[in-house]
Amino acid sequence: MDRDETLALFDRELRQGAQPDGPGSRVERIGGVIRTTGDAWNGIIWSDLDTSTADATIAAQLRYFAELGRPFEWKLYDYDRPADLADRLLAAGLTAEPPEALMVARVADLPDATVPDGIHLRPVTRPDDVALMATVHDQAFGTDSARLMASLTAQLADEPDRVFAVLAMAGDTPVSAARLELNPGTHFAGLWGGGTVEAWRGRGIYRSLIAYRAAIAAERGYEYLQVDASDDSRPILQRLGFHHLATTTPYTWHP
């Protein structure tokens, strides 16, 4: 994989060419930024700024989201400009969250993975399944998933060919969950929300969920899988053949 070439393709297709990520979502280019607003997520996904425009643009976005009364995230990549954009976001009152690694792999290069003994994988198709996903998400990440799961329920109902979710079940108990988001007209499918309940980690469940989603992406003709990886998942992804293309840091603001 050519890192610079693949990163340029990612930037062009998924950042500059961003699409709405679900019902009620809107993507718009305003001045030097591309922002998205919606029920599940609000933020800045791309910017083209310099030292003469950055501060005024940041202030304008703060006013916009303050008027909406919504929190938002400025998703900053380490190659974004100006070089001190992170400092400017902090000075404007945003908060830096833990950085994540942008990891990309060719679908065709990913290995198969067996499902661990005692586990079966189950596609998410009903509201009851989404509720089980919420249980896993809340236990695995320690955060409230209510808005995310409401958005997922709407996506499954309105855009079933763009999002696929899967549960890993130990008998009747959900122990891991993840979703695959497809981006029509691009080379990339995205891995999101992969989380395993702490007591079930280290058994290969996460790898089996990646293989499950990679198979779906391959069936639909996608060349790459993309994931924003935490420090916990990054080593696993590297062993599977994912490449670290950039680092992204969420800068968040709350009204």
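Subtracting the Cα-Cα distance of Thr114 and Asp232 from 0.36 nm times their residue separation leaves 40.4 nm of extension gain. Extension gain for the segment Glu198 to Asp161, taken as residue separation times 0.36 nm less the Cα-Cα distance, is 10.2 nm to one decimal.
Rolling a 1.4 Å probe over the protein heavy atoms gives the chain an accessible area of 47 Å² per residue. In the chain, taking the dipole from charged Cβ atoms about the Cα centre, the farthest positive-side position among Thr173, Thr53, Ser230 is held by Thr173. The charge dipole of the range 175-255, taken about its Cα centre with unit charges on the Cβ atoms of Lys, Arg (+1), Asp and Glu (-1) only, comes to about 240 debye. Charging the Cβ of each Asp and Glu at -1 and of each Lys and Arg at +1, and nothing else, the dipole of the chain about its Cα centre rounds to 240 debye.
Using the rule -39500 (n - 2.57) for each DSSP H run of four or more residues, divided by the residues of the chain, the 222 nm mean residue ellipticity is -9500 deg cm²/dmol.
In the chain, the portion of solvent-accessible area held by carbon and sulfur atoms comes to 49 percent [1.4 Å probe, whole percent, DNA, RNA and ligands not counted]. Segment Thr143..Asp128, full-extension length gain: 3.4 nm, with 0.36 nm per residue of separation and the alpha-carbon distance subtracted. Between the beta carbons of Gln16 and Ala215, assuming R0 = 25 Å, the FRET efficiency works out to 0.30 to the nearest 0.05.
The range 1-58 and the range 73-149 have Cα centres lying 17 Å from one another. Shape class of the chain from the Cα gyration tensor (axes a ≥ b ≥ c, square roots of the eigenvalues): prolate, since a/c reaches 1.5 or more and a/b is larger than b/c.
The values are calculated or read from the model by the stated rules, or taken from the named source; none is laboratory data. Note that the coordinates shown come from a computational prediction; the quantities given were computed from them, not determined experimentally. Please note: Cβ atoms are built from the backbone with ideal geometry, for glycine as well, and neighbour counts cover all protein chains shown. Keep in mind that these areas ignore ligands, DNA and RNA; they rest on the heavy atoms of the full protein, side chains included. Shrake-Rupley method; radii C 1.70, N 1.55, O 1.52, S 1.80 Å.
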